[in-house]
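K.L.:
Sharing a structure below in structure tokens format, with a few things to ask.
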Amino acid sequence: VYTQVIYNDEELVLFRTGVGPEAAKISMNITVDKFAKPKKMIFSGIAGGLDPSLSSGQTVVVTNWHPLENYNEVVAVDAELLKLIKPSYITANGVTSDHFVSNGNEVYALTQATIVDMETYYIAKIASENGIPFIAFRSVSDMANGTKDKSKFQIAADNSARAAIEFISTLTP
């Protein structure tokens, strides 16, 4: 389901990818086809924290996304969009996993990635392959340590959406 709105004379298309890598790939490919290569892709959602210095609800923008299962692959966030981000949001690496990660301390020790999710690498890869500038806002829902505390999910989702909306307002006059 797509929602199209006009914001400061710019058309914005909002959609949900769904949870997991397959849903993300399918929805992103459909979106690219349906909307004839969007001008920009701004992604928002929640993620598991890996970096112990992060706290629930904290929003980050990762500069490089890696698939956890093949960490040598990387998709960089658009450099021009990144210049518009508050420095306090920016972190270096994020990982996307095909499965729920419960050993966050081990993953952090191996990768130094700050967050883990199940979608962003694939969204970023498809955007990159199609020449679409991409950036993602992710807020920590809980730490990726095996305990799934859903009590902070909505706060994290709201914080991520708020940061993305604030960012969108900087793109339009």
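K.L.:
Suppose the filter is acidic (Asp, Glu) and either more than 12 Å from ALA144 (Cβ to Cβ) or part of a strand (DSSP E or B) (or both); does GLU106 pass it?
P.N.:
For GLU106, the condition - acidic (Asp, Glu) and either more than 12 Å from ALA144 (Cβ to Cβ) or part of a strand (DSSP E or B) (or both) - is not met.
K.L.:
Report, by residue number, each residue of the range 82-103 that is under 19 Å from ASN72 (Cβ atoms) and not in a loop (DSSP other than H, G, I, E, B).
P.N.:
Within the range 82-103, ALA92, ASN93, GLY94, VAL95, THR96 qualify.
K.L.:
Here is a further query. Assess whether ILE135 counts as being in a helix (DSSP H, G or I), closer than 21 Å to LEU68 by Cβ and under 15 Å from the mean Cα position of the chain (by Cα).
P.N.:
no
K.L.:
Also, I was wondering about something else. Restricting the search to the range 1-40, which residues are at pLDDT 70 or above, part of a loop (DSSP other than H, G, I, E, B) and surrounded by 12 or more Cβ atoms within 10 Å (Cβ to Cβ)?
P.N.:
THR17, VAL19, PHE35, PRO38, LYS40
K.L.:
Those residues that are under 22 Å from PHE167 (Cβ atoms), of a type in the set (Gly, Ala, Ser) and open to solvent by 10 Å² or more (accessible area, probe 1.4 Å), I need them from the range 91-117; list them, please.
P.N.:
Of everything in the range 91-117, just one residue is under 22 Å from PHE167 (Cβ atoms), of a type in the set (Gly, Ala, Ser) and open to solvent by 10 Å² or more (accessible area, probe 1.4 Å), namely ALA92.
K.L.:
Continuing with the same structure: Hey, could you check the range 44-60 for residues that are at pLDDT 90 or above and part of a loop (DSSP other than H, G, I, E, B) and say which is nearest to TYR122 (Cα to Cα)?
P.N.:
Out of the qualifying residues, it is LEU50.
K.L.:
Select from the range 118-167 the residues that are among the aliphatic types (A, V, I, L, M), open to solvent by 60 Å² or more (accessible area, probe 1.4 Å) and at pLDDT 85 or above and list them in ascending order.
P.N.:
Of everything in the range 118-167, just one residue is among the aliphatic types (A, V, I, L, M), open to solvent by 60 Å² or more (accessible area, probe 1.4 Å) and at pLDDT 85 or above, namely ILE155.
The values are calculated or read from the model by the stated rules, or taken from the named source; none is laboratory data. This one's a predicted model, so the numbers in the text were calculated from it and none came from an experiment. Please note: Cβ atoms are built from the backbone with ideal geometry, for glycine as well, and neighbour counts cover all protein chains shown. These accessible areas exclude ligands, DNA and RNA; they are computed on the full protein's heavy atoms, side chains included. Shrake-Rupley method; radii C 1.70, N 1.55, O 1.52, S 1.80 Å.
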